[in-house]
Amino acid sequence: MTKNLLIALLASSILTGCQSLTQQPADIAEIDAENEAIGAPEADVNDLDFIDTVKPVRSDDAKLVAKKNTEKADANLPPEDLWDRIRAGYQLDLNIDQPRLKSQLRWFSTHQTYLDRVSKRGERYLHYIVEELEKENMPLEIALLPIVESGFDPFGYSHGRASGPWQFIPSTGQMYGLEQNWWLDGRRDIKLSTKAAITYLKRLNNMFDGDWLHALAAYNSGEGTVMRAIRRNKNAGKPTDFWNLDLPAETRAYVPKLLALAKIMKDPAKYDYETYFIANQPYFEEVNIGGQIDLAQAAEMADVSIDEIYLLNPAYNQWATAPDGPHKLLVPVDSAAEFRTKLAQLPAKERVTWIRYTVQAGDNLGGVARDHNTTVAVLQDINKISTSFIRVGQQLMIPVAGQNAANYTLSSHQRLLKKQSRSPSTNRIKINYTVESGDSLWSIAQKYNTDSKTLARWNNMGLGDPLLPGKKLSVWMKPDTSKSTSRSVVKRVVYTIRSGDSLAMVADKFNVSVNEIRKWNPKVGRKKYVQPGDKVTLLVNVVGG
């Protein structure tokens, strides 16, 4: 243990767990007071309602037949229901009498619709995760860990910058080979992130001499945090098991969450719950595509929705796979043969759409890349340019999306737009703020009477994400209630400046202040004078005076 302790303390200076804080999935609207008191995670940055509408491609008829077969299954044959296979692979001690575990059991057993939702999301991924865990002879309770981490949301992103179903922070992801660039984020790759999580968990289990509860706690808060807690207890003559360690409140709730899920899934009838049936068979198949391909075209060739392609390949940020690889795509098992046939018939030059662009006066390579939703590196590579210098009249070949950008619903840009357009409550006004030099999340939050964490959540950001000048942020302003009467109905009004108008005149007309107009409309507010045709958004009390 001493040797492992020294190794762990050294490693912990580099690794701090897969995430700073585990995030409770966003669709959990209620958190009971007891759960909150022991560190129930807060809402994830992402909203899952749209993902839940993308129905898995397996037909209901096929699942019904499989479920009926399960009821009369031969004991010598593999189970038809994946949950039976998972239960058979349990290795952890679930017979624990601890208040924290009881609290989590109460919460999950009274939120059974949530259990159904995460099971449906996990249907695409669970079979693969189970197979990988079995290969390493690891406890199959760990197959439920993405529920605790991300609610099986492959796009889950926390304020601590953790991403993907297993919630790797950037540094830990990089150490485990999960590439992160403009085109893709390997932390969201279903296969790569699962293998990385298993490797990391195995390493932690070895570090803690086979104690899985210590390893799981370290996965959440970092091995250094757990090792220091163990050392403190040893020095004080106290027990060093997980339940007696002085760990962060969120980590103290993290392990009980997994154990509670495992107990409910082991004996659902005891909790008056019926598990969502998941067929014990692969959901997806990996296809070598040999080069870059437009994801909309791939979806058409596989005869599935583009959302299905994104949910199986959530690592891809843009409208296409990465030009430099990995040149692979996951498609539903039933679509793989047809997809391979059509792919073989498709000429390489037709896998993405190309345009020929003639360089204009004033152009630079960075601007051309931004205008066409690509990167300087891609343009340099495709056009065999070794520098950023381009000349007027030069022609560039540029890969572009084959369909309207809005059709790539789950690309990073479209997910951000959806998030930024979602009002957190009624009677709020959306402000589009452009980041300026010297800005920080804190300074912008202070300006608009909110906090950094909320501002980050509105914009699908982590608190440590870079904030570069020119970045567009959405701010959801509350109306000024200081002037409100008992009769108050606030409406959003967009007013077009007319000839002769000034901000003072507009403020007077709608019974608001000039400062409020400037806050609500940063772009117009920075101008010395408004011009006819400028539009300003106002929050107006249409009832009270």
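The values are calculated or read from the model by the stated rules, or taken from the named source; none is laboratory data. Everything numeric here is computed off the predicted structure, so don't read it as measured data. No Cβ is skipped: glycine too gets one built from the backbone with ideal geometry, and neighbour counts run over all protein chains shown. The area values use the complete protein model at the heavy-atom level, side chains included, leaving out ligands, DNA and RNA. Shrake-Rupley method; radii C 1.70, N 1.55, O 1.52, S 1.80 Å.
Tabulated values for the structure
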{"item": "Any hit, segment 322-329, residues being over 26 Å from the mean Cα position of the chain (by Cα) and surrounded by fewer than 23 Cβ atoms within 10 Å (Cβ to Cβ)", "result": "no"}
{"item": "Sole residue being over 19 Å from Val118 (Cα atoms) and of a type in the set (A, V, I, L, M), chosen from Ile306, Ile278, Ile264", "result": "Ile306"}
{"item": "Evaluation of Asp246 against (1) in a helix (DSSP H, G or I); (2) in contact with a helix residue (DSSP H, G or I) (Cβ under 6 Å, 6 or more places away or on another chain) (one fails), failing number", "result": "(1)"}
{"item": "Subset of segment 330-362 that is of a type outside the set (A, V, I, L, M) and in contact (Cβ under 8 Å) with a residue 60 or more places away in the chain - its residue that is most open to solvent (accessible area, probe 1.4 Å)", "result": "Asp334"}
{"item": "Cβ-Cβ under 7 Å pairs, at least 6 apart or on other chains, segment 496-510 side under 14 Å from Gly525 (Cα atoms), far side part of a helix (DSSP H, G or I) and open to solvent by 30 Å² or more (accessible area, probe 1.4 Å)", "result": "Leu503/Val514; Ala504/Val514; Ala507/Val514"}
{"item": "Test: Ala229 is open to solvent by less than 10 Å² (accessible area, probe 1.4 Å) and assigned to a helix (DSSP H, G or I)", "result": "yes"}
{"item": "Candidates Leu145, Leu94 - the one that is open to solvent by less than 20 Å² (accessible area, probe 1.4 Å), farther than 23 Å from Val331 by Cβ and more than 26 Å from the chain's Cα centre (by Cα)", "result": "Leu94"}
{"item": "Qualifying position, being out of contact with any strand residue (DSSP E or B) (no Cβ under 7 Å at 6 or more places or on another chain), within 20 Å of Ile96 (Cα to Cα) and modelled with pLDDT of 95 or more, among Arg232, Arg252", "result": "Arg252"}
{"item": "Scan of segment 274-299 for residues that are open to solvent by 60 Å² or more (accessible area, probe 1.4 Å) and under 25 Å from the mean Cα position of the chain (by Cα), ordered by number", "result": "Pro282, Glu285, Glu286"}
{"item": "Test: residue in segment 425-444 that is modelled with pLDDT of 85 or more, outside any loop (DSSP other than H, G, I, E, B) and either among the basic types (Lys, Arg) or touching an Asp or Glu at 6+ places or on another chain (Cβ under 6 Å) (or both)", "result": "no"}
{"item": "Residue count for segment 407-426, restricted to those that are open to solvent by less than 30 Å² (accessible area, probe 1.4 Å) and hydroxyl-bearing (Ser, Thr, Tyr)", "result": "2"}
{"item": "Residue within segment 192-210 that is within 20 Å of Arg161 (Cα to Cα), without any contact (Cβ under 8 Å) to a residue 40 or more places away in the chain and surrounded by fewer than 19 Cβ atoms within 10 Å (Cβ to Cβ) present", "result": "no"}
{"item": "Subset of segment 97-126 (residues that are open to solvent by 10 Å² or more (accessible area, probe 1.4 Å), among the polar types (S, T, N, Q) and in a helix (DSSP H, G or I))", "result": "Ser109, Gln112, Thr113"}
{"item": "Top-ranked residue in segment 451-461 [being part of a loop (DSSP other than H, G, I, E, B) and crowded, with 17+ Cβ neighbours inside 10 Å; ranked as farthest from the chain's Cα centre (by Cα)]", "result": "Asn459"}
